[in-house]
Amino acid sequence: MKIWFFVFPTIIAAIFVTAFLGWSNRVKIYLRLSTLGKPCGIYFADTFKKWSSPQKGMVTKACYLYQKGGINFAFSDPIIVFLETGTGGASTTKDTIIYKMAEAGIDDFYTTSFHELAHIVDFRKDGLSMKPSWLSATGWACRDPKDPSSCSNPCKQESGKAFYCSYKDSETLPSRFGTADYDPYHTDVSINPLEDFAEASRYFIMANDELNLTSKSRCRFLKNLYNGFEGDACYDCDNKTSCFL
């Protein structure tokens, strides 16, 4: 009887709290509970296409490396990832990634995940890629600090042209690294600061020495941001160290 005297009011209070919580908050709480103990706090939703174990494995493998670098998604809001029909591409918000890659190769999930997870890092750090610290380090100038399309860079990628600059003259991304078209003398900086940040993060982790070759400023900036890699030679921003992951 004494136990119920204490427990019953607690149960009633919990019911009332749940009833008054908004639907979105209840969903978020459910997802948080669902992702406890799961890799990087990722929730794989089979809403459109069912995820395979190898596909999930590549996404979480990329996420683990960000976690190693000091970005702990598991203890913030969960990331809900969806899979749709397609052979490439994805779209990302602060809390979701939609992979349009159901027919893509397994390795593509790994590479794409580095880019899309970097967008989430960017969004969750209050739009880091549009802040003066990133813009000044990467040579972007923006007429409107809230509009990425207003930003310019001498090496900005635009439709109809593949490359604009040599890394000998300007700091760029190691564009198309790992492909037959790769030429460090013909590179660019993507289409806006957001995409530049996401691609730079991808190269920082996957081809650190190449990023340092074409843009020492980007490499140093990301070395400070992903400071969990300190002491790991694969992320030391040294051209002499080659670790392709």
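The values are calculated or read from the model by the stated rules, or taken from the named source; none is laboratory data. The model shown is predicted, which means the values in this text are computed figures rather than measured ones. Every residue, glycine among them, receives a Cβ derived from its backbone with ideal geometry; neighbour counts consider all protein chains shown.
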Flagged pairs (Cβ under 9 angstrom, 6 or more apart or on separate chains; first in the stretch 210-222, under 18 Å from THR179 (Cβ atoms); second crowded, with 24+ Cβ neighbours inside 10 Å and of a type in the set (Ser, Thr, Tyr)) are GLU210/TYR203; LEU211/TYR203; THR214/THR172; THR214/SER175; THR214/THR187; THR214/TYR203
Taking the stretch 162-186 and keeping residues exposed (fewer than 15 other Cβ atoms within 10 Å of the Cβ) and touching a residue at least 24 places away in the same chain (Cβ under 8 Å) leaves ALA162, GLY178
Practice task
Could you tell me whether GLU199 is surrounded by 15 or more Cβ atoms within 10 Å (Cβ to Cβ), assigned to a loop (DSSP other than H, G, I, E, B) and touching a residue at least 40 places away in the same chain (Cβ under 8 Å)?
Solution key: no
Apart from one, (1) over 27 Å from TYR235 (Cα atoms); (2) touching a Phe, Trp or Tyr at 6+ places or on another chain (Cβ under 8 Å) all hold for THR87; the odd one out is (2)
Scanning the stretch 114-149 for residues that are hydroxyl-bearing (Ser, Thr, Tyr) and buried (at least 18 other Cβ atoms within 10 Å of the Cβ), the one farthest from ILE42 (Cα to Cα) turns out to be THR138
Counted residues in the stretch 67-107 being of a type in the set (Lys, Arg) and closer than 18 Å to CYS40 by Cβ come to 2
- Task: Would you check if ASP238 is modelled with pLDDT of 95 or more and in contact with a helix residue (DSSP H, G or I) (Cβ under 7 Å, 6 or more places away or on another chain)?
- Result: no
The strands (runs of 3 or more DSSP E) lying entirely within the stretch 23-135 that contain at least 2 residues which are modelled with pLDDT of 95 or more and in the same structural domain as ARG218 (by TED's automatic domain parsing) are none
Note: among SER150, SER166, just one is modelled with pLDDT of 95 or more and small (Gly, Ala, Ser), namely SER150
